[in-house]
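What follows is a set of notes on a single structure, which appears directly below.
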Amino acid sequence: MLAAPAPPAAFAATVQDTFTMKCAGCHMGGGNVQAAGATLFPEDLARNGVDSPEALFKIIYSGKGRMPGFGTECAPRGACTFGPRLSDEEITDLVAFVQQRAAEG
């Protein structure tokens with residue numbers, strides 16, 4: 001996978017906040033407190049088939065297993081976050097952020 005270019009500072013701050021609020025509870029430091037093999041490290045992303053932007057978007061939007069979905073139209077309701085949902089643009093930004101951080105190690 002090619003490394004993504006560094007995002008502008010404002011983008012990084014905004015998406016970092018989103019990651020901290022929505023993802024870091026389970027994925028602190030790129031790990032996974034729920035499922036050891038479902039980390040955000042490149043080898044696990046590839047092994048789990050979620051190393052493409054489309055696959056990451058789908059998993060963040062709709063959820064999978066114990067991970068809730070965060071998309072505005074996520075369904076069924078029980079598979080989705082109970083908190084505020086993320087727009088498609090916010091999820092796209094989060095995908096780019098996760099891929100960049102994974103590439104950085």
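The values are calculated or read from the model by the stated rules, or taken from the named source; none is laboratory data. Because the structure is predicted, anything quoted here is derived from the model rather than measured. Note that each Cβ is placed from the backbone with ideal geometry, even for glycine, and that neighbours are counted across all protein chains shown.
Report yes if some residue within segment 72-79 is assigned to a helix (DSSP H, G or I) and at pLDDT 95 or above; otherwise report no.
Scanning segment 72-79, I find no residue that is assigned to a helix (DSSP H, G or I) and at pLDDT 95 or above, so the answer is no.
Can we say L40 is at pLDDT 90 or above, touching an Asp or Glu at 6+ places or on another chain (Cβ under 7 Å) and surrounded by 14 or more Cβ atoms within 10 Å (Cβ to Cβ)?
no
Only residues in segment 8-21 that are more than 22 Å from N32 (Cβ to Cβ) count as the first member; pair them with residues that are modelled with pLDDT of 90 or more, Cβ under 9 angstrom, at least 6 apart or cross-chain, and list the lot.
Within 9 Å, the pairs are F11/D93; F11/A96; F11/F97; A12/F97; A12/Q100; T14/E90; T14/D93.
Would you say G31 is free of Cβ contacts under 8 Å to residues at least 60 places away in the same chain, surrounded by 12 or more Cβ atoms within 10 Å (Cβ to Cβ) and in contact with a Lys or Arg (Cβ under 7 Å, 6 or more places away or on another chain)?
No.
Out of the residues in segment 56-82 meeting the condition of being in contact with a strand residue (DSSP E or B) (Cβ under 6 Å, 6 or more places away or on another chain) and more than 13 Å from H27 (Cβ to Cβ), tell me which one is surrounded by the most Cβ atoms within 10 Å (Cβ to Cβ). Break it down stepwise before answering.
Step one: of segment 56-82, the residues in contact with a strand residue (DSSP E or B) (Cβ under 6 Å, 6 or more places away or on another chain) are 61-63, 68-70, 74, 79-81.
Then drop every residue that is not more than 13 Å from H27 (Cβ to Cβ), which leaves 61-63, 69, 74, 79-81.
Values: Y61: 20, S62: 18, G63: 19, G69: 23, C74: 18, A79: 14, C80: 19, T81: 16.
Among those that are in contact with a strand residue (DSSP E or B) (Cβ under 6 Å, 6 or more places away or on another chain) and more than 13 Å from H27 (Cβ to Cβ), it is G69.
Filter segment 44-55 for residues that are surrounded by 11 or more Cβ atoms within 10 Å (Cβ to Cβ) and outside any loop (DSSP other than H, G, I, E, B) and give the result.
If the condition is that a residue be surrounded by 11 or more Cβ atoms within 10 Å (Cβ to Cβ) and outside any loop (DSSP other than H, G, I, E, B), then D44, L45, A46, R47, P53, A55 are the ones that fit.
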